[in-house]
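Structure first, commentary second.
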Amino acid sequence: MTSPGPRPVLDSSRFGRTPVPFLLGLVACCLVAIVALVLVVLQRGPAPALVGLFLALLPIPLLVALVLYLDRLEPEPRALLAVLFGAGAGVAVITALLGRALNTGVITTPDLDPHASVAVPVSAGAAIGGALVAETLNGLVLLALLASRRTEIDGVEDGVVYGSMVGLGFALVANVYAYAVAWDSGAGAVADEFASRGIFGPVFEALFAILFGLAIAYAAARPASAGRYLVIIASWVAAVALDALWNHSVREGGVSLAVTYAILLAVLLAVFVAVVADRRRVVRMITLFLPDFEHPEVVTGHDILMLASLRWRRLGRQWARLNIGVVGRRAMAQYQLAATELAMACHRKSLGQTSPAVYTKHRDDSLTLMRDAAAIVRGREHLYPPPWLGPGDPSVFVNPAAQRR
């Protein structure tokens, strides 16, 4: 008797397929960041390090929650996002160590300079040098992601999510150093540092990495060409330029800082518009490809309408939770994610970005997950019908016999 094959799992649960060298490199960055934080404690004492860590952490949970909220349509592997966050933290430490090893302020970023006074303006050379090192290393992390998991990068939203995690990891460690340095100048200096970098600093550091994330999303969807490489180079130049502008103007204040805020917020708005457009693209994929799989146990036309709306998806999970409990909500969430991954797989196949064997396995796994999840919901008694259905409308979540009663 042959043993059954491996149980299908959602893409958001997969992480082990990532090449080992890539994982080892990211883990090394995480370890570097941890060692650096220990050194801060040993060199400056526990009080500056703990206060710096506390202040640096304050905005991070909210920003990470926003990134995960953005990533709810087709979630990326959470373990991968965590490791990318650690890689960004490691990049911040490596930038600082390079500046200290070469004893130059041209490389050391203002956030990480262990000898800088918080009152000393940042020269243009130091700002550009720090931005060059930081954004180049952040870009290398994302390029490694592109090389190792190209087929998992499905669009603008993925590039924004991956870039955000790298940038937030960088901002966390950078601000720990900045607050530890400011501690030597008193509580007022720490407060000034938090006011200037603590709130918008992590947002903008994430934005700089997002620019490169958008480039790898563009590159992942296209074959190797000169245009693809030009986009990557252009995104790197833009990230370096904006990073240097921010590092220089944050100390200048006045009109210079106001203009910088206006520029960065405009870029942030443009990224938001791109994410909204990408979300609509994914919805079009669902409505384009899923009708080919209509089946009473897999998906119906009315279920596709639910899958194509974030609002109806949320109401669907709430309906399953109220009618069946936690098991129902989990099954509904699995169904929605598997359906989205099926549409993504069909899209990659249409573009020739996946082999027939890989597509077939991905398709079959997604259909199995959808069928199993729908059966869990359909097999329980419902207090009231799904909110996206009218009287008599067919759905994989409703038993036709029970619907006729």
Condition met for Arg321 (crowded, with 16+ Cβ neighbours inside 10 Å, in the same structural domain as His295 (by TED's automatic domain parsing) and either in contact with a Gly (Cβ under 9 Å, 6 or more places away or on another chain) or of a type in the set (Gly, Ala, Ser) (or both)): yes
The lone exception for His347 - which of (1) over 26 Å from Ile210 (Cα atoms); (2) buried (at least 19 other Cβ atoms within 10 Å of the Cβ) it fails: (1)
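Rundown of residues vs (1) under 25 Å from Ala220 (Cβ atoms); (2) hydrophobic (A, V, I, L, M, F, W, C); (3) modelled with pLDDT of 80 or more, yes/no style:
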{"site": "Thr354", "(1), (2), (3)": "yes, no, no"}
{"site": "Val358", "(1), (2), (3)": "yes, yes, yes"}
{"site": "Arg363", "(1), (2), (3)": "yes, no, yes"}
{"site": "Ser366", "(1), (2), (3)": "yes, no, yes"}
{"site": "Arg371", "(1), (2), (3)": "no, no, yes"}
{"site": "Ala374", "(1), (2), (3)": "no, yes, yes"}
Identity of the residue in segment 302-318, loosely packed, with under 14 Cβ neighbours inside 10 Å and free of Cβ contacts under 8 Å to residues at least 60 places away in the same chain, that ends up nearest to Leu367 (Cα to Cα): Arg314
Enumerated helices (runs of 4 or more DSSP H) restricted to segment 183-290, each holding at least 3 residues that are crowded, with 18+ Cβ neighbours inside 10 Å and touching a residue at least 60 places away in the same chain (Cβ under 8 Å): 200-220, 226-252, 254-289
Residue list for segment 377-388, restricted to those being modelled with pLDDT of 85 or more and surrounded by 16 or more Cβ atoms within 10 Å (Cβ to Cβ): Val377, Arg378, Pro386, Trp388
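The values are calculated or read from the model by the stated rules, or taken from the named source; none is laboratory data. It should be emphasised that the depicted structure is a prediction, and the values quoted were computed from it without experimental measurement. Glycine gets a Cβ as well: all are built from the backbone with ideal geometry, and neighbour counts include every protein chain shown.
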